[in-house]
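The values are calculated or read from the model by the stated rules, or taken from the named source; none is laboratory data. What you see is a predicted model, and the numbers here were worked out from it, not measured in a lab. Methodologically, a virtual Cβ is constructed for each residue, glycine included, from the backbone with ideal geometry; neighbour enumeration extends over all protein chains shown. Side chains included, ligands, DNA and RNA excluded: accessible areas come from the protein's heavy atoms. Shrake-Rupley method; radii C 1.70, N 1.55, O 1.52, S 1.80 Å.
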2 protein chains.
Amino acid sequence: MNRTASIKDVANHASVAVGTVSNVLNYPDRVSQRTKDRVLKAIDELGFVRNDAARQLRAGHSRTIGLIVLDVGNPFFTSVVRAAEDAAALHGSAVLLGDSGHDAGREANYIDLFQEQRVQGLLISPVGDVTERLDLLRERGVPTVLVDRLADEAKFSSVAVDDDAGGYLAARHLLDTGRRRLAFVGGPTSIRQVADRLQGAQRAVKEEADATLEVLESEGQTVLAGRSVGNMLVERGRENLPDGIFCANDLLALGVMQSLTMTHTYRIPEDVALIGYDDIDFAVSAVVPLSSIRQPTEALGRTAIELLAEEVESQNPTHRAVVFTPELVVRQSTGASSAV
Amino acid sequence: MNRTASIKDVANHASVAVGTVSNVLNYPDRVSQRTKDRVLKAIDELGFVRNDAARQLRAGHSRTIGLIVLDVGNPFFTSVVRAAEDAAALHGSAVLLGDSGHDAGREANYIDLFQEQRVQGLLISPVGDVTERLDLLRERGVPTVLVDRLADEAKFSSVAVDDDAGGYLAARHLLDTGRRRLAFVGGPTSIRQVADRLQGAQRAVKEEADATLEVLESEGQTVLAGRSVGNMLVERGRENLPDGIFCANDLLALGVMQSLTMTHTYRIPEDVALIGYDDIDFAVSAVVPLSSIRQPTEALGRTAIELLAEEVESQNPTHRAVVFTPELVVRQSTGASSAV
DNA sequence: TCGTACCAATGAAACGATTCAAACTCGAGC
DNA sequence: GCTCGAGTTTGAATCGTTTCATTGGTACGA
């Protein structure tokens, strides 16, 4: 008796055929008002809820989209996720969220899970390189859009931000404000984004004959990782301190900032200019408001869903790679004397 | 030809019956090694992936758990979500995440969606009061655990943090450090957490005859909302400034801090002591490291999943309400002269 | 009165898995 | 040679939808 009502129960209760109930649910126009009322009344009385498993079994696909991100705790992804959810809702789909935590094993688990769920398609910011596993998805015809990763257009659609341009923007800004001994904090460099931002920075530094760029590899991209790099810098002493630091993301930058300012030995931006990447909400409320590179996260999430919708609808596999250009946000940490 | 292989295709390819393939998948012990090898080979060659819709249609329930939070962007929930995902993975389940954004309509949509998906159970931090919608879930036998909200044990299991105790802790700390003109920032007070924290603070203030507590209602719980309350305080002038401010969460506190420090008129903690709630990562890296109330978010997420598992497994509806006690974290913003 | 057209409603078939009673195989034991 | 039982394998029935060819009914024009 505790079993949830099925469409058959509804049909009996309303004295109609099961097909009619289905039509009320899916093609209300095909049903007369009188019948519709009776059926809706029965649905209400029995507390009927459509079983999506049965529906998608028949339909052959679900109304869900799989989204696998590298770290839900990272505000960059949080923002992308939210935009994707909203955009998906407009398409009448729901987003199944997976967090790989930069772990290839967890990523693989989610890919398998989502395949079993027969998701309409997959949005993924892959761990490391595009693996055979993703190629397999493509072969199986699971529409897939890479997020925050440029891809070979012959294989996948993708949305990304031009990290090289962002890195260039950041380093160029430090150079423009007179800094010459630059440092780049980020890691591991096996992460493409980190590598690209570094490359862009190097490109900018090469434009100035007297400028140098030192690479300080961090263990991950967290506040804590940044703090330990910062501590290392503090121990080096003043003469070995860079005069401009570009961090691969804001969390790192905030960590570095903590270390440098907690000692009360160094001032930002007087002794060291600091710029991050992502422009998270907290950049503006840091000890010294943090300059940063803003990524169009909402556009990223929204566009990813749109590209996926394109793939789902069209049969022929034409892929698009959409690249967004990031934006420099100047705050106090790179020398603007007035705040905000 | 592009259709994904079904269990029947595998059976044909391996020259066995469909039941045997199913047994290989679900009860490997029942199948002889020879047959198992043949079937596994066929699975591999055809790239067979189990269709979860069909499986759950037959089984009557899925291996997913619905989780609806008020705001994925809020680090408190991000942390709970992550802990819940990990705990669910241990139980062999996956988490479907929904973000209600404090909107009852979106919440309702997700509840409906998850019901259609026949989730094993639901974890929810409800918008406002426990609505009839939730009671309906209970009647329909969908195991439900309320998160971050105390519930009548007769009706639901729940995990929560004692917000009254947290509010008391915060206010008591301000009083203990000599503050007497306290202010509470938070809103809307229709949110239970906000109301409880306020109530706890009032309880502490009543213990000191000469202490007062002013309530400053904010528009939401964001950095921006905090900033506008802070701006209002700045305009009031020094003589009307409270000497201790307790914010209903860290985001608000960071916002208030921005306003107060940006003007360079007031010093924290000398002129005003400030304490937040949640102890988010960024509390420690604020302009002035922020004292806060730490909530055991990992325990919350993990326990929620465990309570849900209890509900799913046992038939008789015995509910439990687990309450965690928060913890005071003292930093510079309330007067500890040494940092960290 | 009949034929035609149209609209509603019907209900069997199909989707892809799991389940389970029944059938089969193969030795051991008598 | 026959029986018994354990170990395997079989395949029809089932879950709850959607789909679609078919049927029933009504109205209108010829």
* **Environment charge at B:ASP103 (Cβ cut-off 15 Å; Lys +1, Arg +1, Asp -1, Glu -1)** => -4
* Where in the range A:38-54 is the amide nitrogen less than 14 Å from a point lying 7 Å along the Cα-to-Cβ axis of A:SER15? -> A:38-39, A:42
* To do: With only Lys, Arg, Asp and Glu charged, each at its Cβ (+1 for the first two, -1 for the last two), find how big the charge dipole of chain B is about the Cα centre; round to the nearest 20 debye.
  => 1240 debye
* Put B:GLU313, A:GLU270 in order of accessible area, largest first, 1.4 Å probe: what do you get? -> B:GLU313, A:GLU270
* To do: On a 0 to 90° scale, report how tilted helix A:250-262 is relative to the longest principal axis of chain A, with both axes built from alpha carbons and the result rounded to the nearest 10.
  => 40 degrees
* Asked: Label-to-label distances across copies for A:GLN33, with labels 7 Å out along Cα→Cβ, in nm, shortest first?
  -> 7.3
* To do: Provide an ascending nm list, one decimal, of label-point separations from A:GLU208 to the equivalent residue in each further copy; define each label point as 7 Å from Cα along Cα→Cβ.
  => 5.1
* Structure fact -> Treating only Lys and Arg (+1) and Asp and Glu (-1) as charged, each at its beta carbon, one finds that the range B:7-50 has a dipole about its Cα centre, in Debye to the nearest 20, of 120 debye
* Asked: Using a 1.4 Å probe on protein heavy atoms only, how many Å² of accessible area do A and B hide from each other, summed over both chains and rounded to 100?
  -> 4200 Å²
* Asked: Considering only Cα-Cα distances, which of the following residue pairs are longer than 23 Å: B:LYS8/B:LYS41; A:LYS8/A:LYS41; A:LYS155/B:LYS8?
  -> A:LYS155/B:LYS8
* To do: Find the relative contact order for the range B:7-50 and round it to a whole percent, using C-alpha pairs within less than 8 Å whose residues are 6+ positions apart.
  => 42 percent
* To do: Express the carbon and sulfur contribution to the solvent-accessible surface of the range B:244-327 as a percent, rounded to the nearest whole number, probe 1.4 angstrom.
  => 49 percent
* Enter the accessible area per residue of the range A:54-192 (Å², integer; probe 1.4 Å; all protein chains in place). => 36 Å²
* List of the range A:131-179 residues, accessible area with partners at least 20 Å² below that of the chain alone (1.4 Å probe) -> A:ARG140
* Structure fact -> Sorted list, accessible surface of protein heavy atoms, 1.4 Å probe, largest first, for B:ARG227, B:ARG267, A:ARG320 is B:ARG267, A:ARG320, B:ARG227
* Structure fact -> B:GLU235 and A:LYS41 label points (each 7 Å along its Cα→Cβ direction) are spaced in nm at 5.8 nm
* To do: Take every residue in peptide A:52-60, count the Cβ atoms of other chains within 10 Å of its Cβ, and give the average of those counts.
  => 6
* Considering only the label points, 7 Å along Cα→Cβ from Cα, what distances in nm to one decimal separate A:ALA108 from the same position in each other copy, shortest first? -> 4.5
* To do: Multiply the residue separation of A:ARG203 and A:TYR27 by 0.36 nm, subtract the distance between their alpha-carbon atoms, and state the gained length in nm to one decimal.
  => 57.5 nm
